[in-house]
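Worksheet: the structure to be examined is printed underneath.
Readers should treat all values here as calculations from the given coordinates under stated rules, not as data from a laboratory. Everything numeric in this text was worked out from a predicted model, so none of it was measured. Don't worry about glycine lacking a Cβ; one is built from the backbone with ideal geometry, like all the others, and counts go over all protein chains shown.
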Amino acid sequence: MSIEQIESLEKKVAELEKLVSTLLPKETPNSVSSSIGYADIYQYKNSLLLVSRSKELSTYTIKDRLKQIGAKWATITDKDGNKFSGWMVLGICKEVCMDEAINSTVDKLKEISTTLEFKNKGQILTPTVSITTICEP
C-alpha cells in the first residue's frame with residue numbers, strides 16, 4: 001500500500017469519525033431522570049413490593065439498580081384476587097417494620113446515586129388457605 005493510499009484512508013476515517021459523532025445522541029437532561037424511580041410500596045409477607053404508579057411514574061428507569069440491590073420481578077395475588085406486579089425486595093421486613101425496611105431500601109438506592117419517590121400503601125393481605133384433613137375411623 002502506498003503512502004498516498006494510507007493518507008487517503010486516514011482522511012476518510014477522520015471524516016467518518018466526524019460524521020458518527022454528529023449522529024450519536026448527546027447527553028440530555030433525561031439521563032438525570034433515569035436515576036429517579038416512582039413506586040407505590042406494599043408489604044407482602046416479609047418482603048416489600050414496589051409497584052409502578054403509571055407509565056410515566058414508574059420503576060422502569062431504575063430497574064437495573066433495583067436488580068443491583070437484589071430486587072426480583074414478581075406478580076402476587078391478594079386475598080380478593082387482585083394482582084400486583086412489581087419489584088420485590090425479599091425478606092427485608094423479617095426483622096424490622098415496614099417503614100424501616102422502606103428507609104433501608106431508599107438508602108441502598110441512594111448509595112448507588114438513585115432516588116426513589118414512593119407512597120407507603122401498607123400491607124397486601126394474603127389469601128387464607130383452609131386446610132382440610134381426613135381422618136379415617
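Annotations for the structure displayed:
- Filtered residues of the stretch 36-73 (kept if surrounded by fewer than 17 Cβ atoms within 10 Å (Cβ to Cβ), closer than 20 Å to Cys93 by Cα and small (Gly, Ala, Ser)): Gly70
- The stretch 81-103 - residue that is surrounded by fewer than 16 Cβ atoms within 10 Å (Cβ to Cβ) and small (Gly, Ala, Ser) and, of those, nearest to Tyr44 (Cα to Cα): Gly91
- When the strands (runs of 3 or more DSSP E) confined to the stretch 36-105 are screened for residues that are among the aromatic types (Phe, Trp, Tyr) and within 19 Å of Glu117 (Cα to Cα), those reaching at least 1 such residues are found at 36-44, 72-77, 83-89.
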